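What follows is a short report on a single structure.
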Amino acid sequence: MDDGRVNGGHMDKRAGRGRSRVAVAGASGLIGGALARSLAADGHEVCRLVRRAPEGPGEVRWDPENGWVDAAGLEGCDAVVNLAGAGVGDRRWTDAYKTLIRSSRVHGTTALAEAVAAMERPPRVFVNGSAMGYYGETGDRPVDESAPPGEGFLPGLCVEWEAAAAPAREAGVRTVFPRTGLVVARGGGAWGRLFPLFRAGLGGRLGDGSQYWSFVALHDEVAAIRHLMDRDDLSGPFNLTAPQPVTNRAVTVAMGRVLHRPAPFAVPAPVLRAVLGEMAGDVLGSARVLPARLLESGFRFAFPEIDGAIRAAL
C-alpha cells in the first residue's frame, strides 16, 4: 500500500464526472508520483510537467526556476496540481540551498498560477502544495487552519508559497492549499530515512522525544488531495495531517512495536544541531497540527493512528 494508490475513482464516481485530464507538477516526487499513479489507475489522463523536452503527449515542459511553463500544454486540463519543489530535508540548510528551496516553490507556483489565469478555458481547480511548516513551533498547543503563521524560515516560505498562487485565485479559479504533514512512507521524506534505521535496530527518539509529529499516511495524503480536487465547494488551506498527532517518543515506540525492533537509542539535541544545522530546529520542534477543515468537509482517514499508518507503509 506504500504506493499511495487510492481506489474508488474519486473524480468520476464522487463528483459525477467522467474521465478527467489532470496536470501534475512534481510527479517524480513521493506525493506527486503516488497521486499520478492513483489517478491513472482510475482511468484519468495524467499530464506530467517536466524540465526536459517532452517525450510524448502526456508531458508538458516547464522551467520553474525561471518561472516559465508551456501554457498551451495545459489546455483541456480539469485540474492543475503543483507539488513541485526542492526537498526540505534533502540537504543541510546552507544559504544557497534555502534560496533553492524558496525559488523552486515560489517561482514555479507563480508560473503555473499565471498560466492558469491566462487560459481560455481554465481548470476547475488549482491545487498548490503547502506544508504544516506554515505554523512553525506550536509546542503542545493544537492548531488548525484558523491559526496564524509562525516565525522562521519555513513559516515565511509557506506564506510566500501560498501567496504566489494569487493570479489563479484572482482569475476566479478555485484554489486549494494542502498543508501537508510528515508523510509516512518508505519511499521518501522523513520516514524514508527512519525505516532503514529502525529495521537495523538503530532507531530511537530525537532529542527528548516530547515534540509533536503531525503525520499522515501516504494513502490518506493522496485520498485527501483527490477529495479536495473533487469538491467544488472547498477552497483555501486544509491541513493534511492525521487527526491524532503523536510525540516523537510515541513514534519511536510505535516503530519499534510494528517492526519488532528495539529502539533503545536517543540522538541528543546538540548532536542533531551539529549535524543538521538550522534544519535541526524543525526536527526538534513541535507541531501539533489538526485537520479541522478536512474533517468538517466529510473526509475520513483510513489510517488515523500512527501504528496503522506505519503498517500501511510496509
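Out of the residues in the stretch 171-206 meeting the condition of being basic (Lys, Arg) and touching a Ser or Thr at 6+ places or on another chain (Cβ under 7 Å), tell me which one is surrounded by the most Cβ atoms within 10 Å (Cβ to Cβ).
Kept after step one, since they are basic (Lys, Arg), are these residues of the stretch 171-206: 174, 179, 186, 193, 199, 205.
Then drop every residue that is not touching a Ser or Thr at 6+ places or on another chain (Cβ under 7 Å), which leaves 174, 179, 205.
Working: ARG174: 21, ARG179: 24, ARG205: 21.
Restricting to residues being basic (Lys, Arg) and touching a Ser or Thr at 6+ places or on another chain (Cβ under 7 Å), the top hit is ARG179.
Of all residues in the stretch 1-53 being modelled with pLDDT of 90 or more and among the acidic types (Asp, Glu), which is farthest from GLU75 (Cα to Cα)?
ASP42
Return a yes/no flag: does the stretch 219-233 have any residue that is modelled with pLDDT of 95 or more and in contact with a Ser or Thr (Cβ under 6 Å, 6 or more places away or on another chain).
Yes, there is a match, as at least one residue in the stretch 219-233 is modelled with pLDDT of 95 or more and in contact with a Ser or Thr (Cβ under 6 Å, 6 or more places away or on another chain).
Which members of the stretch 115-146 meet the condition of being part of a loop (DSSP other than H, G, I, E, B) and either of a type in the set (Ser, Thr, Tyr) or over 19 Å from the mean Cα position of the chain (by Cα) (or both)?
Within the stretch 115-146, the subset part of a loop (DSSP other than H, G, I, E, B) is 119-124, 129, 136-142, 144-146.
Within the stretch 115-146, MET119, GLU120, ARG121, PRO122, PRO123, ARG124, THR138, GLY139, ASP140, ARG141, PRO142, SER146 qualify.
Quick one: how many residues across the stretch 235-249 are assigned to a loop (DSSP other than H, G, I, E, B), surrounded by fewer than 24 Cβ atoms within 10 Å (Cβ to Cβ) and not hydroxyl-bearing (Ser, Thr, Tyr)?
Matching residues across the stretch 235-249 total 2.
Of GLY76, GLY129, GLY56, which residue is out of contact with any Asp or Glu (no Cβ under 8 Å at 6 or more places or on another chain), at pLDDT below 90 and not basic (Lys, Arg)?
Details: GLY76 fails: at pLDDT below 90; GLY129 fails: at pLDDT below 90.
Matching residue, one of GLY76, GLY129, GLY56: GLY56.
Under 18 Å from the mean Cα position of the chain (by Cα) and either more than 20 Å from LEU35 (Cα to Cα) or open to solvent by 60 Å² or more (accessible area, probe 1.4 Å) (or both) - does that describe any residue in the stretch 78-90?
Start the filter on the stretch 78-90 by keeping residues that are under 18 Å from the mean Cα position of the chain (by Cα), which leaves 79-90.
Checking which are either more than 20 Å from LEU35 (Cα to Cα) or open to solvent by 60 Å² or more (accessible area, probe 1.4 Å) (or both) leaves us with 89-90.
Yes: the stretch 78-90 contains one or more residues that are under 18 Å from the mean Cα position of the chain (by Cα) and either more than 20 Å from LEU35 (Cα to Cα) or open to solvent by 60 Å² or more (accessible area, probe 1.4 Å) (or both).
Restricting the stretch 147-163 to residues that are modelled with pLDDT of 95 or more and acidic (Asp, Glu), which is nearest to the chain's Cα centre (by Cα)?
GLU162
Mind checking which residues of the stretch 138-155 are over 18 Å from ALA292 (Cβ atoms) and buried (at least 17 other Cβ atoms within 10 Å of the Cβ)?
PHE153, LEU154, PRO155 - these are the residues of the stretch 138-155 that are over 18 Å from ALA292 (Cβ atoms) and buried (at least 17 other Cβ atoms within 10 Å of the Cβ).
Could you tell me which residue of the stretch 96-126 is surrounded by the most Cβ atoms within 10 Å (Cβ to Cβ), considering only residues that are polar (S, T, N, Q) and in contact with a Gly (Cβ under 6 Å, 6 or more places away or on another chain)?
Ranking the qualifying residues of the stretch 96-126, first place goes to THR110.
For a quick check of your reading: which helices (runs of 4 or more DSSP H) sit entirely within the stretch 264-314 and have at least 3 residues that are modelled with pLDDT of 75 or more and out of contact with any Pro (no Cβ under 9 Å at 6 or more places or on another chain)?
By residue number, 306-312.
The values are calculated or read from the model by the stated rules, or taken from the named source; none is laboratory data. Note that this is a predicted model, so its numbers are computed, not measured. We place every Cβ from the backbone using ideal geometry, glycine too, and count neighbours over all the protein chains shown. Keep in mind that these areas ignore ligands, DNA and RNA; they rest on the heavy atoms of the full protein, side chains included. Shrake-Rupley method; radii C 1.70, N 1.55, O 1.52, S 1.80 Å.
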